[in-house]
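Data block below; observations after.
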Amino acid sequence: MRIDRMIGILSILLQKDRVTAPQLAETFEVSRRTIIRDIDALCRAGIPIRTAQGKHGGIAIMDAYRMDRTLLTRSDVQALLAGLRSLDSVSGTNRYGQLMEKISPGASSLLPGDSHILIDLSSWYKSTLAPKIEQIHAAADRHRLICFHYLSPAGESDRTVEPYFLLFHWASWYVWGYCRTRLDFRLFKLNRMTGLTVGDAFEPRPCEAPDLSDQRVFPARYPVRMRLPVQYKWRLIEEYGEQCFTQTPDGNCLFSAGFTDREQVLSWVLSFQGEAELLEPAELRADLAAIGEKITRRHQT
């Protein structure tokens with residue numbers, strides 16, 4: 001987009017004493033004529049740019065508008081680069097690394113070893129997830145509908161959605177948009193989407209970022225208390241934090257937390273392979289016993 005390129009040009013001019021049109025054309029992968037038009041547009045916008053011909057000529061901004069080079073420290077640039085690299089880890093491209101080079105020339109030469117923070121947002125499903133992210137990102141940018149088949153605990157359905165936000169939360173990727181099937185804003189997990197296609201253009205409606213607080217998305221409908229052997233303490237800390245349990249005099253762990261739905265409680269207790277005892281809620285103890293009997297019948301030889 002032209003506005004992105006002009007911002008990039010301005011950033012380079014603020015950080016370098018002088019640059020030539022061919023250099024800018026190569027950096028932004030456009031023609032020299034395009035760069036000249038962009039420079040003219042910046043001048044019309046009131047940016048004091050001067051140009052000079054000859055061996056030592058080039059394009060520069062008047063010294064009075066020079067940016068303090070210490071505004072971004074080396075640590076600042078490394079932090080920005082770590083974040084941009086994390087986006088490249090999802091997309092499978094070097095797009096954001098190239099953006100960093102445009103914002104701060106020379107930044108892309110910083111090796112990961114120069115920073116102590118490395119972020120990789122990719123997942124086991126990168127081969128299928130990255131194309132979805134790119135499709136939805138492009139659709140949201142151009143205000144185009146997305147259509148897909150969606151699988152959830154409530155069943156399967158075909159959805160048509162106006163995409164507004166791509167979100168990385170709870171270690172997964174989601175899209176927040178207006179669902180024309182349900183006539184309301186909804187949050188969709190990308191890993192549950194199949195057959196994704198981009199549809200017609202739509203007129204954007206007012207949309208605020210979703211409230212993703214745990215209380216809003218995962219209300220604690222089931223207060224759970226559970227007793228586990230001490231060898232599972234590592235898992236309690238990893239999944240729910242060190243404040244989620246107390247250690248009893250007999251060496252066991254007494255776990256307490258709120259769960260959103262019945263299936264979540266049952267599947268979590270069963271994941272301990274019979275080592276966990278559900279104390280509350282009492283009504284789910286009978287459900288666990290019934291599941292245990294069903295498993296026994298199915299696996300008897």
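Here is how the numbers come out for the structure above:
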read-out	value
Residue tally, condition over 15 Å from Gly241 (Cβ atoms) and out of contact with any Lys or Arg (no Cβ under 8 Å at 6 or more places or on another chain), over the stretch 255-267	6
Output for the stretch 176-195, where each listed residue is touching a residue at least 40 places away in the same chain (Cβ under 8 Å), under 14 Å from Leu166 (Cβ atoms) and surrounded by fewer than 17 Cβ atoms within 10 Å (Cβ to Cβ)	Asn191
Any hit, the stretch 243-261, residues being surrounded by 11 or more Cβ atoms within 10 Å (Cβ to Cβ), among the hydrophobic types (A, V, I, L, M, F, W, C) and part of a loop (DSSP other than H, G, I, E, B)	yes
Leading residue by the ranking (nearest to the chain's Cα centre (by Cα)) among those in the stretch 265-281 that are farther than 11 Å from Ile291 by Cβ and of a type in the set (S, T, N, Q)	Ser271
Flag for Thr260 being within 27 Å of the chain's Cα centre (by Cα) and either hydrophobic (A, V, I, L, M, F, W, C) or not assigned by TED's automatic domain parsing to the domain that holds Phe165 (or both)	yes
Residue among Ile7, Ile36, Ile59 that is of a type in the set (Val, Ile, Thr), surrounded by 17 or more Cβ atoms within 10 Å (Cβ to Cβ), more than 22 Å from the chain's Cα centre (by Cα) and modelled with pLDDT of 70 or more	Ile59
Selection count, the stretch 138-159, where residues are surrounded by 15 or more Cβ atoms within 10 Å (Cβ to Cβ) and not in a strand (DSSP E or B)	2
Residues (of a type in the set (S, T, N, Q) and either in contact with a strand residue (DSSP E or B) (Cβ under 7 Å, 6 or more places away or on another chain) or part of a strand (DSSP E or B) (or both)) located in the stretch 160-214	Thr160, Ser172, Thr181, Asn191, Thr194, Thr197
Leu254 being farther than 30 Å from Ile133 by Cβ, touching a Ser or Thr at 6+ places or on another chain (Cβ under 7 Å) and of a type in the set (A, V, I, L, M)	yes
Yes/no for Arg205 being outside the structural domain of Leu166 (by TED's automatic domain parsing) and either modelled with pLDDT under 95 or out of contact with any Gly (no Cβ under 8 Å at 6 or more places or on another chain) (or both)	no
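The values are calculated or read from the model by the stated rules, or taken from the named source; none is laboratory data. These numbers were taken from a predicted model, which means no experiment stands behind them. Cβ atoms come from the backbone with ideal geometry, glycine included; neighbour counts cover every protein chain shown.
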